[in-house]
1. Assuming residue 154 fulfils every condition listed in (1) part of a loop (DSSP other than H, G, I, E, B); (2) within 25 Å of residue 34 (Cβ to Cβ); (3) modelled with pLDDT of 75 or more apart from one, which condition is it?
2. Residues that are of a type in the set (S, T, N, Q): find the helices (runs of 4 or more DSSP H) completely inside segment 32-139 holding 1 or more of those.
3. Go through the residues of segment 74-90 one by one and say whether even a single one is surrounded by fewer than 18 Cβ atoms within 10 Å (Cβ to Cβ) and modelled with pLDDT of 85 or more.
4. Please enumerate the residues belonging to segment 114-142 that are buried (at least 19 other Cβ atoms within 10 Å of the Cβ), in contact with a strand residue (DSSP E or B) (Cβ under 6 Å, 6 or more places away or on another chain) and either touching a residue at least 60 places away in the same chain (Cβ under 8 Å) or among the aliphatic types (A, V, I, L, M) (or both).
Amino acid sequence: GDVTLWGGLCLKLKGGSRTLSSEHLGTMGYSLCAGIAAIFSRPEPATSLVLAGDGGFQMTLQELATFQQGKRPGDRLIVIVLDNRLLGRVIFGFDGAKGCDLLGPDFCELAKVYGGHGYRLDDAVEIGRHVRDAADGLTILHVPIDPTLKADMATFKDGATKMMNSG
């Protein structure tokens, strides 16, 4: 969805960072499960930063219990939920799309229900500080965003398009 586009446009990663993405597949709900698997696949405690839209996150949020049951001291799962209260890629990509408005939970309370910490961030500038300061365990950062704000796809240069289309 749009969250994949936002991640590609805005994330700045440190050297040695790894990303898991279902880009180009349109797989909703992938990021939370991939983030948890990334932590559990490491022999030592690890940190995973999950970027999810409100629609995709709600498809697999029950996996927070899996993390809480299997976490080790020092494991950190930080989930950034970009909440526009709709299925952005569907509504922006298909004229006349219906059923795209979403009702979501209080994501900060949801974090508490699963034994974690939740913070509502009304200014995206706050994200970096909260990621750096996140405690061990589960942290959910709820970032409400303007539902009319569309993440545009990057365009390919002519040569890249030809190469992609040549099989």
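The values are calculated or read from the model by the stated rules, or taken from the named source; none is laboratory data. Quick caveat, the model's predicted, so the values are computed rather than measured. Note: ideal-geometry Cβ built from the backbone for every residue, glycine included; neighbour counts use all protein chains shown.
1. (3) is the only condition that residue 154 fails.
2. Ranges flagged: 54-60, 64-70.
3. Looking through segment 74-90, at least one residue is surrounded by fewer than 18 Cβ atoms within 10 Å (Cβ to Cβ) and modelled with pLDDT of 85 or more.
4. Scanning segment 114-142 gives 134, 138, 139, 140, 141, 142.
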